[in-house]
Amino acid sequence: MQAVTNTAAAPLISVIIPVYKAEKMLDELYTRLRDALTEVSPHFEIVLVEDCGGDRSWEVIERLARADPRVIGLQFSRNFGQHYGITAGMDQCRGDWVVVMDCDLQDAPEEIPRLYAKAQEGYDVVLALRGQRQDPLLKRAVSWLYYRTFSYLADLDIDGDSGNFRIMSRQVVKNFVRMREQLRFFGGHVQWMGFPTTGIPVQHAARAEGKSTYTFAKLWRLAMDTILAYSDKPLRMAAKLGLGMAALSLVFGVYLLLRSWLHSSPVPGWSSLIVSLYFIGGLIIGILGILGIYLGKAFDETKKRPLYIVRRATPNTVLRDD
């Protein structure tokens, strides 16, 4: 792609990156981003949101910001999570076009010009589709299962080949920051808005340093939270299951009565009766648990707490109200 020559008409590009335990990767990430963004526009900003990973990532961010005022740094007061980091970046960015990507160098900055070029064809969102993910088999399998389950329960068609890496128009960002629910799922929020979306295949690199901090337990918790936040289908499925079991019980009861009347035989099955009672009791408790989780999530929303708290920012950052 040719570099932009009309600087007056060149757009401002914002890149939002949640940072967690990435001190060894930030220098390379910045260098590659700077080179890639220059191909699109001389006007850009890099928003790094440090999520209290416990390493020296914030010190590196401060150094980068002192050397280049286009680097903007925020640090949370505690670990809030990746999707809250993206939200903080969205709140603070000023770009006409906004890129969101991860910090582990698996998302290649060199793909940004291609994403931007595709967006100019009339799309508000362009996803980076990872054709061959460089992740362990277990993580790929869990990710595939999660996206299939989420798409079914939430009635949203989420592409499992896409992660957070994408480019969005300013209109998408403006509407995203209006959504302030406590449970955050970046991809689901963007998909729900329904803006014209497409995707292009990109190279997905292996993680440069360390291991992913998303353990199976964290992925499971994220899956449960996002499914409950986006869908009431588990409640409707529980109601249908209860009605189905009641209907089957009624049919079976009529069968037993007819058998007893026609054959003058006692009704057998004391053991099966006890097992059925335990099964139905467990089912009822499980359904009540689902109801309790939904009530708990509704209670969290009524507190109206801020989504995140910024402990400090680099001197070149003008914080906006979140």
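The values are calculated or read from the model by the stated rules, or taken from the named source; none is laboratory data. Treat the numbers as computed from the prediction; the structure is a model and nothing was measured. No Cβ is skipped: glycine too gets one built from the backbone with ideal geometry, and neighbour counts run over all protein chains shown.
Beta carbons closer than 6 Å, at least 6 apart along the sequence or on distinct chains, pair a first residue in segment 73-89 that is closer than 17 Å to Thr317 by Cα with a second that is of a type in the set (Gly, Ala, Ser) and outside any loop (DSSP other than H, G, I, E, B) for Gly73/Ala65; Leu74/Ala88; Leu74/Ala313.
Residues considered: Asp107, Asp102, Asp68, Asp35. Of these, the only one that is over 21 Å from Phe165 (Cα atoms) and of a type outside the set (S, T, N, Q) is Asp68.
Criterion applied to Leu219, Leu288, Leu228, Leu258 was being under 29 Å from Ile46 (Cα atoms) and either modelled with pLDDT of 75 or more or surrounded by 13 or more Cβ atoms within 10 Å (Cβ to Cβ) (or both), and the one residue passing it is Leu219.
The listed residues are Ile61, Ile46, Ile72, and the only one of them that is assigned to a helix (DSSP H, G or I), buried (at least 22 other Cβ atoms within 10 Å of the Cβ) and touching a strand residue (DSSP E or B) at 6+ places or on another chain (Cβ under 7 Å) turns out to be Ile61.
Residues are listed down the side, and each one gets a yes or a no for (1) basic (Lys, Arg); (2) surrounded by fewer than 20 Cβ atoms within 10 Å (Cβ to Cβ); (3) part of a helix (DSSP H, G or I):
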residue	(1), (2), (3)
Cys52	no, yes, no
Ala65	no, no, yes
Arg78	yes, yes, no
Val99	no, no, no
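Scanning segment 304-315 for residues that are among the basic types (Lys, Arg) and in contact (Cβ under 8 Å) with a residue 12 or more places away in the chain turns up Arg305, Arg311, Arg312.
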